[in-house]
Amino acid sequence: MTESIAPADTPDLLWRRVGAAIIDVAIAVVVALVAGLVLRRVAGLAVLVVLAYELGAWVWWQGRTGASPGKAMVGLRVVDASGQPCGTGKAAVRWVAWLVDGFPYCLPLVGFVMIFTDAEQRRLGDRWAGTWVVTDDAVGRPPAPQATTSDPEPVWDDDRQAYVRTDPTSGRREVFDETAGTWTALEG
């Protein structure tokens, strides 16, 4: 069995995510200011420079390594259900999801509320992309789905490559569907 990591194992994860977001936005603002000063006569090109930075840092680099510059500085990584760096496709989904998570844009309240109230400490972009934010030392371990108070502790099943549990109400075996975020009865 592979050891898993649960968000409850890292109580400071929430504040580290906030710190990483502040660092990432600060770097993007500096890139925007420098691009604006250097390319002040060609404003559209300055916007493209900022967009290129975001795609490079928040999609390509974070997809390959699991870390944006801010996450790297505070010791966090974005992983998929297997515990590996999320990949550029999932990083792109997370980046596009900031259109919702970042609302009202002067302060990303939707994303912060989701992270602070979600049992797995995931924002909408994490849910849509099937990703988790974990500490550096948790990379390589699949993130554990959070059980509710009545649920028994889920166990990682190497054969199914998913978490399984026994439903306390029905006594049936269930498997965790990572994409839907729900428990489903096992067939047969």
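The values are calculated or read from the model by the stated rules, or taken from the named source; none is laboratory data. It should be emphasised that the depicted structure is a prediction, and the values quoted were computed from it without experimental measurement. Every residue, glycine as well, gets a Cβ built from its backbone with ideal geometry; the counts of neighbours run over all protein chains shown. When the accessible area is computed, the model is the full protein with side chains, heavy atoms only, and any ligands, DNA or RNA have been set aside. Shrake-Rupley method; radii C 1.70, N 1.55, O 1.52, S 1.80 Å.
Summary table below
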| read-out | value |
| --- | --- |
| Farthest positive-ward along region 53-102 dipole, Cα basis, beta-carbon charges - from Ser68, Val100, Leu55 | Ser68 |
| Kirkwood Rh, Cα atoms: Rg over Rh of region 41-92 | 1.13 |
| Helix-derived mean residue ellipticity, 222 nm - over the chain, DSSP H n ≥ 4, -39500 (n - 2.57), to 500 | -12500 deg cm²/dmol |
| The chain: DSSP helices with Cα axial extent of at least 24 Å and average Kyte-Doolittle hydropathy no lower than 0.0 | 13-38 |
| Fraction of accessible area attributable to carbon and sulfur, region 18-111 (%, probe 1.4 Å) | 77 |
| Solvent-accessible area per residue, Å², over the chain with all protein chains present [probe radius 1.4 Å] | 54 |
| Where the Cα pairs of the chain fall when distances are cut into 5 Å bins, in % | 1, 8, 15, 19, 18, 13, 10, 6, 4, 3, 2, 1, 0, 0 |
| Region 48-140 - convex hull of the alpha-carbon atoms, volume per residue in Å³ | 94 |
